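So the structure is just underneath, and the comments pick up after that.
What follows is calculated from the coordinates using simple rules that are stated; it is not laboratory data. Keep in mind that what you see is a predicted model, and the values were worked out from it rather than measured. With ideal geometry, Cβ positions are generated from the backbone for all residues, glycine too; neighbour counts draw on all protein chains shown.
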Amino acid sequence: MHQSSPLPSEIPDWLGNLSKLEVLDLSSCSLNGSIPATLGDLSSLQVLALAKNQLTGIIPATFGNLSNLRNLDLSGNNLKGELSAFLSNAVNLISLDLSNNSFVGPIPGELGKLSKLEQLLLDKNSLGSFLPAALGDLTSMQTLDLNSNNLSGSLPLTLGNMENLTTLNLANNNFSGLLLQQMPHWSKLQQLILNGNSLSGQVPSALGSLTNLLVLNLASNKFSGILPTNLSDLVNVKSMTLSHNLFYGSCAEYTAGTEELVRLRPLR
């Protein structure tokens, strides 16, 4: 007998009455409609996952009341509007995933107040404007993924303060200017993915000090000049993609320490 799939439904308002609820996971439930403001009444909530549905509208301002929230995952929906500063009231957030939606406007600098935040995933939206320098205050940050937005301007020097960073993905935006020349606090970095921007100048020799790096992708930018010879110190790197830039000189000496994949095609 053919068993039909359940019809999509909306999140019921009455969930907001469950005052002792600590975990609410409704991911992949074919939910549609908007997120009810009553969820902001769940003062004990620590985990809220509504990922991979067809939710629309904006994030309710009442979410600013969720001071005990540690994990918020709204990824893979059709949410829109700007990221409001009220999210900064959720001071216990460790993970914030708003990826794969239709958010627009700037990234609010108030997010820099979330001192416990370890994972910020805002990739695959339509966020624009500059990257706020206040993000550098997030010294607990381990994964920062902002790829595939419309972000522009130069990379703030404060990003270098993220001493626990393991993954930085800013690919496919409109960033310009120079790559950070000093990276003294990025010793734990494993993935640096900056392809598909308009970054320029020489690749800084500081990259050679990131000895835990596994993935380096600087492709499709406007980098120029000679690669720093100490890139050969990146003995743990598995993938290094530098294609479609303006490098010149011999590449053989720079890649002696790499193990698997190196792409160095010039820009034509």
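Cβ under 10 Å from Leu170's Cβ, Leu170 left aside: what net charge do those residues give with Lys, Arg +1 and Asp, Glu -1? Net charge in that neighbourhood comes out at -2.
Let me know the longest stretch in the chain that avoids all GluC sites (Glu not before Pro) found in a DSSP loop with at most 14 other C-beta atoms within 10 Å.
23-162
The relative contact order of the chain comes to 9 percent, based on Cα pairs under 8 Å that sit 6 or more residues apart.
Of Lys20/Lys52; Lys116/Lys222; Lys80/Lys113; Lys52/Lys113, which pairs sit farther than 31 Å apart, going by alpha carbon to alpha carbon? Lys116/Lys222, as the Cα separations exceed 31 Å there. In region 9-263, the C-alpha radius of gyration followed by the widest Cα-Cα span (Dmax) gives 20.0, 67 angstrom. Dimensions of region 1-156 from C-alpha coordinates, computed as largest minus smallest value along each principal axis and given longest first, are 58, 33, 24 Å.
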